[in-house]
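Peer 1: Here it is: the structure, laid out below.
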Amino acid sequence: MTDYHEMWQSLDMDLAKHDLLCEVLPTVFGDVYLTQGNRPQAMDYYNFVVAEIHGVRPAELVEHQKKGGKIFGTFCVYVPDEIVFAADGIATGLCGGSQFWVPGGEKVLPTSTCPLIKASVGARLDRTCPFFRIADIYVGETTCDGKKKAWEILAEDVPVHVMDIPQMKRAKDIAAWAEEIKDFLAKVEEVTGNKVTPEKLAEAIKLINAKRQALARLYDLRKKENIPISGKDALVVSQIAFYDDPTRFTKMTNQLCDELDERVKNNVSVFPAGTKRIMLTGTPLAIPNWKLHHIVETSGAAVVVEEMCTGTRYFENTVDESKTTLDEQIQALAERYMKINCACFTPNEGRIDDILRLAKEYKVDGIIDVNLKFCNLYDVEGYKVEKALQEAGIPVLGIETDYTDQDAEQLRTRVGAFIEMLDNK
Ligand code: SF4
Ligand code: SF4
């Protein structure tokens, strides 16, 4: 691996502490990923991206800044990256998925805050993630209470722009979201010093749509009876989508899909025939949170789809590319983004419809409803999700977990019993 210490130092990172993270990550990735058999060859690219996670892409972002470009750090799939790319900025996901960053967040947040928020705040305040150091501005949103308050704390350290997400999906809410996107566009123009023209926005809409389509293609391949890629591998591809260069990511993911097409033609599966097919639904699994996929796939089942923001919520539905004025394009963006069904909306029947539809499309045998500890939104919504699944006769296991390994054995026992029950059905 190239030595990036000079870059990290220039970003005023806590090098000693960061070195500890650099030491553990390759071991974890090796144990979880490189132990898998029959991986697609095209996964080499994503292995490389993870191996150089705090090096290659951060170096590209720093290069962009040296040329006068700006970096926007985002935390939620409702934030329209298209606007940023249309102004020649770069949007990069910043959600923290490691326990390593949680204690740093707990210094300023109540322990009873979800680990995703604690890790994200900790990564910034502890100065142990280059992405969090590089971003010129963070883009927050009003999706949940914990995040809303976290922005106020982060704003003491870094510029933050907060987008006000509606809580309902009536016509007036979609109109309000379009207004919010307009304000965001003005902010992006101010920060970058560049004008967003309809031509530039049309290009950016195509760029991000192409990324979504590549991911949709990958997920379609997971619907096959012979599953050509493990859930773990598909998950890391979804996680990398949040911060990789979109053009390169689309190209590499389409290449991966070409290889998987061949596997499908040749009836190649990475799992033995009859392996039970599991859908995960719930809170996002930010990189490097691979815990549950690893438990499921080393307990004799396969994860074939994630109804999560690191999954279908990220790529389903594209933005209408036929619009030619800024107002029309912004309306098209508002409409596409409002089709995402996060538990922060009420009512949120659309999410239950999505889960039932995906269960059919991916022919799942059972569903694990995963909730990050202290996420009230998804925890409360779990009641309706699990009730709907029981009514539809789809076996469901509700799980609450965090980023630690403390509950790994207990989870393994529960997941194992669930899969055994599916095997005996
Ligand atoms: S779960 Fe909701 S708040 Fe979190 S990233 Fe997804 S859409 Fe945003
Ligand atoms: S998982 Fe829940 S509590 Fe955590 S950031 Fe997302 S919506 Fe908020």
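Peer 1: Which of the residues belonging to region 108-135 are closer than 17 Å to residue 90 by Cα, in contact with a Phe, Trp or Tyr (Cβ under 7 Å, 6 or more places away or on another chain) and not aliphatic (A, V, I, L, M)?
Peer 2: Of region 108-135, the ones closer than 17 Å to residue 90 by Cα are 130-135.
After this cut, where a residue has to be in contact with a Phe, Trp or Tyr (Cβ under 7 Å, 6 or more places away or on another chain) as well, the list is 130-131, 135.
The answer is 130, 131.
Peer 1: Taking residue 301 as the residue in question, decide whether it is surrounded by fewer than 20 Cβ atoms within 10 Å (Cβ to Cβ), of a type in the set (A, V, I, L, M), modelled with pLDDT of 95 or more and farther than 18 Å from residue 208 by Cβ.
Peer 2: no
Peer 1: Would you check if there is a residue in region 355-363 being within 11 Å of ligand 1 (Cβ to nearest atom), closer than 16 Å to residue 280 by Cβ and either not aromatic (Phe, Trp, Tyr) or not in a loop (DSSP other than H, G, I, E, B) (or both)? Write out each step before concluding.
Peer 2: Keep residues of region 355-363 that are within 11 Å of ligand 1 (Cβ to nearest atom), which gives none.
Scanning region 355-363, I find no residue that is within 11 Å of ligand 1 (Cβ to nearest atom), closer than 16 Å to residue 280 by Cβ and either not aromatic (Phe, Trp, Tyr) or not in a loop (DSSP other than H, G, I, E, B) (or both), so the answer is no.
Peer 1: Still on this structure: Could you please give the count of residues in region 227-243 that are touching a strand residue (DSSP E or B) at 6+ places or on another chain (Cβ under 9 Å), not charged (D, E, K, R) and not in a loop (DSSP other than H, G, I, E, B)?
Peer 2: Here the count works out to 5.
Peer 1: Further question on the same structure: Of the residues 62, 84, which single one is crowded, with 21+ Cβ neighbours inside 10 Å and modelled with pLDDT of 95 or more?
Peer 2: Going through 62, 84 in turn, just one is crowded, with 21+ Cβ neighbours inside 10 Å and modelled with pLDDT of 95 or more: 84.
Peer 1: Ok, one more. Kindly list the number of the only condition in (1) in a loop (DSSP other than H, G, I, E, B); (2) surrounded by fewer than 20 Cβ atoms within 10 Å (Cβ to Cβ) that fails for residue 310.
Peer 2: Result: residue 310 passes all but (2).
Peer 1: How many of the residues in region 11-64 are of a type in the set (Asp, Glu) and not in a loop (DSSP other than H, G, I, E, B)?
Peer 2: Of the residues in region 11-64, 6 are of a type in the set (Asp, Glu) and not in a loop (DSSP other than H, G, I, E, B).
Peer 1: Looking only at region 113-161, which residues are within 13 Å of ligand 1 (Cβ to nearest atom) and either modelled with pLDDT under 95 or charged (D, E, K, R) (or both)?
Peer 2: Once the filter is applied, which keeps residues that are within 13 Å of ligand 1 (Cβ to nearest atom) and either modelled with pLDDT under 95 or charged (D, E, K, R) (or both), region 113-161 yields 141, 145, 147, 148.
Peer 1: Return the pair list, or none, for Cβ contacts closer than 9 Å from residues in region 334-354 that are β-branched (Val, Ile, Thr) to residues that are part of a helix (DSSP H, G or I) and within 9 Å of ligand 1 (Cβ to nearest atom), at least 6 apart or on different chains.
Peer 2: Qualifying pairs under 9 Å: 340/313; 340/314.
Peer 1: Can you tell me which residues in region 369-416 are of a type in the set (Asp, Glu) and within 12 Å of ligand 2 (Cβ to nearest atom)?
Peer 2: Result: 379, 381, 400, 402.
Peer 1: Further question on the same structure: Out of the residues in region 83-99 that are within 26 Å of residue 146 (Cα to Cα) and of a type outside the set (A, V, I, L, M, F, W, C), state the one that is farthest from ligand 1 (Cβ to nearest atom).
Peer 2: It comes out as 99.
Peer 1: Filter region 107-131 down to residues that are crowded, with 22+ Cβ neighbours inside 10 Å, within 15 Å of ligand 2 (Cβ to nearest atom) and either hydrophobic (A, V, I, L, M, F, W, C) or without any contact (Cβ under 8 Å) to a residue 24 or more places away in the chain (or both), then give me how many there are.
Peer 2: Result for region 107-131: 7.
Peer 1: Is it fair to say residue 260 is within 19 Å of the chain's Cα centre (by Cα), surrounded by 22 or more Cβ atoms within 10 Å (Cβ to Cβ) and either among the aliphatic types (A, V, I, L, M) or farther than 30 Å from residue 381 by Cβ (or both)?
Peer 2: On the way: within 19 Å of the chain's Cα centre (by Cα): no; surrounded by 22 or more Cβ atoms within 10 Å (Cβ to Cβ): yes; either among the aliphatic types (A, V, I, L, M) or farther than 30 Å from residue 381 by Cβ (or both): yes.
No.
Peer 1: Assess whether residue 140 counts as being within 21 Å of residue 176 (Cβ to Cβ), outside any loop (DSSP other than H, G, I, E, B) and not aromatic (Phe, Trp, Tyr).
Peer 2: So residue 140 passes the test.
Peer 1: Filter region 281-331 down to residues that are without any contact (Cβ under 8 Å) to a residue 12 or more places away in the chain and either among the small types (Gly, Ala, Ser) or within 13 Å of ligand 1 (Cβ to nearest atom) (or both), then give me how many there are.
Peer 2: 1
Peer 1: Please state which of the following conditions residue 278 fails to meet, knowing it meets all the rest: (1) part of a helix (DSSP H, G or I); (2) away from ligand 1 (no atom under 16 Å from the Cβ).
Peer 2: Checking residue 278 against (1) part of a helix (DSSP H, G or I); (2) away from ligand 1 (no atom under 16 Å from the Cβ), the one that fails is (1).
Peer 1: Shifting gears a bit: Here is a list of conditions, (1) buried (at least 17 other Cβ atoms within 10 Å of the Cβ); (2) within 23 Å of residue 120 (Cβ to Cβ); (3) not basic (Lys, Arg), and residue 366 meets all of them except one; can you say which number that is?
Peer 2: Condition not satisfied by residue 366: (2).
Peer 1: Give all pairs with beta carbons closer than 6 Å in which a residue from region 413-425 that is β-branched (Val, Ile, Thr) meets a residue that is surrounded by 14 or more Cβ atoms within 10 Å (Cβ to Cβ); count only pairs at least 6 apart in sequence or on separate chains.
Peer 2: Taking only residues 6 or more apart or on different chains, the pairs are 415/295; 415/296; 415/299; 419/276; 419/299; 419/300; 419/301.
Peer 1: Check residue 344 against each of (1) away from ligand 1 (no atom under 13 Å from the Cβ); (2) touching a helix residue (DSSP H, G or I) at 6+ places or on another chain (Cβ under 7 Å); (3) of a type outside the set (Val, Ile, Thr); (4) in a loop (DSSP other than H, G, I, E, B) and name the one condition it does not meet.
Peer 2: (1)
Peer 1: With surrounded by 22 or more Cβ atoms within 10 Å (Cβ to Cβ), assigned to a strand (DSSP E or B) and either touching a residue at least 12 places away in the same chain (Cβ under 8 Å) or polar (S, T, N, Q) (or both) as the only criterion, which of 73, 104, 97 stands out?
Peer 2: 73
Peer 1: If you don't mind, another one. Among all residue pairs at least 6 apart or on different chains, which show Cβ distances below 7 Å where the first residue, located in region 134-160, is under 21 Å from residue 80 (Cβ atoms) and within 11 Å of ligand 2 (Cβ to nearest atom) and the second is among the β-branched types (Val, Ile, Thr) and part of a loop (DSSP other than H, G, I, E, B)?
Peer 2: These pairs meet every condition: 141/79; 141/165; 142/165; 143/165; 148/142.
The values are calculated or read from the model by the stated rules, or taken from the named source; none is laboratory data. Predicted model only: the values in this text are computed from it and were never measured. All Cβ positions, even for glycine, are placed from backbone atoms using ideal geometry, and neighbour counts span all protein chains on display.
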